[in-house]
Amino acid sequence: MHPADRIRGTTSSLLAGKRIVLAVSGSIAAVKAVELARELVRHGADVVPVMSRAATRILHPDALHFATGHAPVVELTGATEHVRDADADLLLVAPATGNTVAKLALGIDDTPPTTTLSPASGPYSTATTFTLSATDAGCGVNGTEVRIDAGAWTPYAGGFALAAGDHVVRYRSVDCLNNTEAERELAVNVGSPPPPPPPPPPPAPETNLKPLVAAVFAAILAIAGAWSARRRPWKKGTGGRAMLLAFAFTAIPFVLAEAGTGIISFFIGFLSIPPILGLGSLVDGAILTGGLAVATVRLRSASRTA
């Protein structure tokens with residue numbers, strides 16, 4: 001809870017529910033504005049402070065912020081404060097200097113527009129679009145000018161971008177009565193746009209299991225072939241020569257075929273596994289099936305002969 005809310009209505013409820021715009025002009029009597037604002041709050045009012053530039057030189061805006069619970073309006077911005085508070089129940093000008101009274105009575109407008117640059121803070125890049133907006137509480141804005149670095153003043157026509165490097169942006173506006181705003185400026189450092197993110201790393205290549213599968217299958221074929229050659233030597237012969245010939249003619253072709261596919265796959269990736277159900281698996285299965293089938297047939301034949 002703001003301190004102003006703790007005292008609201010403590011004296012009376014005479015101003016309860018009332019919204020009062022307290023306009024403080026540049027008089028030494030502005031030092032009494034805090035006391036006045038607090039008294040209005042004690043009677044239940046919701047006080048919105050507005051300060052002229054001259055008033056802010058006599059009384060700090062923070063003092064009225066504390067007194068009312070509202071940050072004082074010290075200049076018009078894109079929030080259109082003059083429209084936001086237009087439905088207040090009362091406009092109280094206190095203190096009212098002679099200059100202020102004369103302006104109100106005669107409708108004198110000698111206050112220049114207020115221009116704001118957006119974005120007002122960085123970081124900036126060459127992709128940043130700068131825009132200007134001007135407001136005027138009197139006769140209205142007639143035009144806005146902008147000047148980049150040492151260039152000429154040019155009419156502001158819309159958002160603009162700047163090249164990379166250090167720049168000074170100057171700007172000002174004029175109202176319909178030729179009240180010209182004091183030149184404003186903002187020093188900006190424009191960097192290059194951030195580089196695009198690096199592409200994601202390529203997926204790691206899958207391990208080729210074909211050489212391992214071929215080695216295992218070749219070993220199985222060699223064992224099966226050796227067993228069938230021992231049980232049924234070549235042409236029913238006897239001795240090591242007959243077994244060796246049987247192994248050479250019935251098992252070695254399958255072992256060499258399986259080993260060959262593994263070697264080829266290892267060096268050039270052909271017939272690789274995965275995919276599990278790809279061509280490599282099909283070839284391995286066919287060679288293993290053929291070799292085991294030959295070994296099985298020879299073992300059965302040996303059993304019948306025995």
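The values are calculated or read from the model by the stated rules, or taken from the named source; none is laboratory data. Everything quoted here is computed from the prediction, not taken from an experiment. Because the Cβ atoms are built from the backbone with ideal geometry, glycine has one as well, and the counts that use them run over all protein chains shown. SASA here: full protein model, heavy atoms, side chains in, ligands and nucleic acids out. Shrake-Rupley method; radii C 1.70, N 1.55, O 1.52, S 1.80 Å.
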Requested in this report: Quick one: count up the residues across the range 126-138 that are modelled with pLDDT of 90 or more, part of a strand (DSSP E or B) and open to solvent by less than 50 Å² (accessible area, probe 1.4 Å).
Outcome: 3
Report task. Look at residue 265 and say whether it is outside any helix (DSSP H, G or I) and surrounded by 15 or more Cβ atoms within 10 Å (Cβ to Cβ). Result -> no
Report task. Considering each residue of the range 81-115, count those that are surrounded by fewer than 12 Cβ atoms within 10 Å (Cβ to Cβ), in a loop (DSSP other than H, G, I, E, B) and modelled with pLDDT under 85, and give that number. Result -> 3
Query - One residue from 146, 141, 73 being open to solvent by 30 Å² or more (accessible area, probe 1.4 Å), aliphatic (A, V, I, L, M) and either in contact with a Gly (Cβ under 8 Å, 6 or more places away or on another chain) or within 28 Å of residue 187 (Cα to Cα) (or both) - result: 141
Query raised in the report: What residue, among those in the range 227-239 that are open to solvent by less than 50 Å² (accessible area, probe 1.4 Å) and assigned to a helix (DSSP H, G or I), is modelled with the highest pLDDT?
Result: 228
Report task. Scan the range 110-153 for residues that are more than 10 Å from residue 173 (Cα to Cα), among the acidic types (Asp, Glu) and touching a residue at least 60 places away in the same chain (Cβ under 8 Å) and jot them down. Result -> 110
Report task. Kindly list the number of the only condition in (1) more than 19 Å from residue 84 (Cβ to Cβ); (2) open to solvent by 40 Å² or more (accessible area, probe 1.4 Å); (3) modelled with pLDDT of 90 or more that fails for residue 122. Result -> (3)
Query - Which numbered condition residue 215 misses (of (1) touching a residue at least 24 places away in the same chain (Cβ under 8 Å); (2) among the aliphatic types (A, V, I, L, M); (3) touching a strand residue (DSSP E or B) at 6+ places or on another chain (Cβ under 9 Å)) - result: (3)
**Report entry** Odd one out for residue 271 among (1) on the phi > 0 side of the Ramachandran plot; (2) free of Cβ contacts under 8 Å to residues at least 24 places away in the same chain; (3) among the hydrophobic types (A, V, I, L, M, F, W, C)
**Finding:** (2)
Query - Count of the range 6-38 residues which are surrounded by fewer than 18 Cβ atoms within 10 Å (Cβ to Cβ) and touching a Gly at 6+ places or on another chain (Cβ under 6 Å) - result: 3
Query - Unmet requirement for residue 304, which otherwise passes all of (1) at pLDDT 85 or above; (2) open to solvent by 70 Å² or more (accessible area, probe 1.4 Å) - result: (1)
Requested in this report: Determine, yes or no, whether residue 280 is small (Gly, Ala, Ser) and without any contact (Cβ under 8 Å) to a residue 40 or more places away in the chain.
Outcome: no
Query raised in the report: Limited to the range 154-184, what total is found for residues that are of a type in the set (S, T, N, Q) and without any contact (Cβ under 8 Å) to a residue 60 or more places away in the chain?
Result: 2
Query - Count of the range 154-211 residues which are within 30 Å of residue 283 (Cβ to Cβ) and either at pLDDT 95 or above or not in a loop (DSSP other than H, G, I, E, B) (or both) - result: 2
Report task. Filter the range 59-70 down to residues that are without any contact (Cβ under 8 Å) to a residue 40 or more places away in the chain and buried (at least 18 other Cβ atoms within 10 Å of the Cβ) and give me whichever is farthest from residue 6 (Cα to Cα). Result -> 59
Query raised in the report: Just wondering, is there one or more residues in the range 190-204 that are open to solvent by less than 50 Å² (accessible area, probe 1.4 Å) and either free of Cβ contacts under 8 Å to residues at least 40 places away in the same chain or in contact with a strand residue (DSSP E or B) (Cβ under 8 Å, 6 or more places away or on another chain) (or both)?
Result: yes
